[in-house]
1. If I filter segment 296-308 down to residues being surrounded by fewer than 13 Cβ atoms within 10 Å (Cβ to Cβ) and in contact with a Pro (Cβ under 7 Å, 6 or more places away or on another chain), which single residue comes out as farthest from Ile193 (Cα to Cα)?
2. Within the set of pairs 6 or more residues apart or between chains, which connect a residue that is free of Cβ contacts under 8 Å to residues at least 60 places away in the same chain inside segment 252-271 to a residue that is open to solvent by 10 Å² or more (accessible area, probe 1.4 Å) and part of a helix (DSSP H, G or I) with Cβ atoms less than 7 Å apart?
3. Scan segment 120-141 residue by residue and report those that are assigned to a loop (DSSP other than H, G, I, E, B) and under 13 Å from the mean Cα position of the chain (by Cα).
4. Kindly indicate whether Arg293 is at pLDDT 95 or above and surrounded by fewer than 18 Cβ atoms within 10 Å (Cβ to Cβ).
Amino acid sequence: MEAAPAVLDAFFAGPRHHQLRPAGAGGGCRSARLQAQPCRAAARFASNSGGGGGTSPDAASGGRQPAPRVNGQKPPPALEAAPAPAPAPAPAELDLVPVSNLPRPLSISDLSPAPMHGSQLRVAYQGVPGAYSEAAAAKAYPGCDAIPCDQFEVAFQAVELWIADRAVLPVENSLGGSIHRNYDLLLRHRLHIVGEIQLPVHHCLLALPGVRRELLTRVISHPQALAQCELTLNAMGLNVAREAFDDTAGAAEHIAAAGLRDTAAIASARAAELYGLQVLADGIQDDAGNVTRFVMLAREPIIPRTDRPFKTSIVFAHDADGTSILFKVLSAFAFRDISLTKIESRPHRHRPIRLVDDANVGTAKHFEYMFYIDFQASMADVRAQNALAEIQEFTSFLRVLGSYPMDMTPWEAAPSSWSSRVDNSSSQH
């Protein structure tokens, strides 16, 4: 008779090992489970599935117990029992966990960010429904679940606390300039920029139905919107007070909720539809090329690529006694022919003033700044890697905020502003 492999002998021998109990044996094996129990005697495994005592069939027949069939599969030849004079009993069946029910190993796709088309994404934005940030979120992630937040800080925290998957927040406007609050929050939080979107801004003057412009005493809106429509409001002859509000759509909502008939809001046409307001004037922005740039934020960065235009955003600070730091940084990019698209300075929060003592002229006070730079290159580009390696040598702090695809959507010209139409009509008379 062919000897069984030594590993099986070692497995079945001795009380310290465990045995595989056949299905239907005394005590019963749970369905589709591999049960391991202490083996009191190796003979128990070879006993009949009926659980009776006495002489084992193997001893009576002079043969070995056939190897068990695992999941209905025939055992390999090495484990088959040798032919015996008497018929051997049917092999025991071991019902193990089906392979199809085993957990699937994680793949790289499981660790990738959610799809860029925005399906089932929760996207946080600052404002209320009807805000321009909501429109930017819908443009960046079509079909997303937009989550309004009352403050920029809350939108950052919503992503960090897994309440939202992304955040879409404005960072600059072509007329009003940078939104400094969000630049400060980018440094304070650990989110990564994963994309950008540029949204044309089309402002409207909204009021309750039946209200005429000559009855208005004030106009409320976000400070950026007020600044972007200042010249147009003057051209319309509106000598009214202008008050800042948290956001454009919030101003429209406030007028509708409070029933203010002496107040108008600067907001979008969608806000007028949502809150039941009438449009007193359409397209009141001072410039038809009024565009706001938004950034998309996520908990994890995306993998930079070189097969499409990318942009990278960084922030850095220099040592207290450094000289010509900004010139050196710009030279690192210029030497490698890397174009800069933005440079912004913000006061150094932890060290706003640097004192330099001079025995002859006294103490000089210098303001300390953090510098934000956007440049047109991917972090997968060797030029960008070498530029940052050089910059790191003479800066005290350097952080990459994100390397992300540039917004290359075709430019859609906004309708001409109200003020330009007034100028054109007056020139024709």
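The values are calculated or read from the model by the stated rules, or taken from the named source; none is laboratory data. Treat the numbers as computed from the prediction; the structure is a model and nothing was measured. Here Cβ is always computed from backbone atoms with ideal geometry, including for glycine, and neighbour counts include all displayed protein chains. Accessible surface is based on the protein model in full, side chains and every heavy atom, while ligands, DNA and RNA are left aside. Shrake-Rupley method; radii C 1.70, N 1.55, O 1.52, S 1.80 Å.
1. Among residues in segment 296-308 that are surrounded by fewer than 13 Cβ atoms within 10 Å (Cβ to Cβ) and in contact with a Pro (Cβ under 7 Å, 6 or more places away or on another chain), the one farthest from Ile193 (Cα to Cα) is Arg308.
2. Ala256/Tyr275; Asp262/Leu215
3. Of the residues in segment 120-141, the ones assigned to a loop (DSSP other than H, G, I, E, B) are 120-121, 127-131, 141.
Once the filter is applied, which keeps residues that are assigned to a loop (DSSP other than H, G, I, E, B) and under 13 Å from the mean Cα position of the chain (by Cα), segment 120-141 yields Gln120, Leu121, Tyr141.
4. On the way: at pLDDT 95 or above: yes; surrounded by fewer than 18 Cβ atoms within 10 Å (Cβ to Cβ): no.
Here the answer is no, as Arg293 does not meet what is asked.
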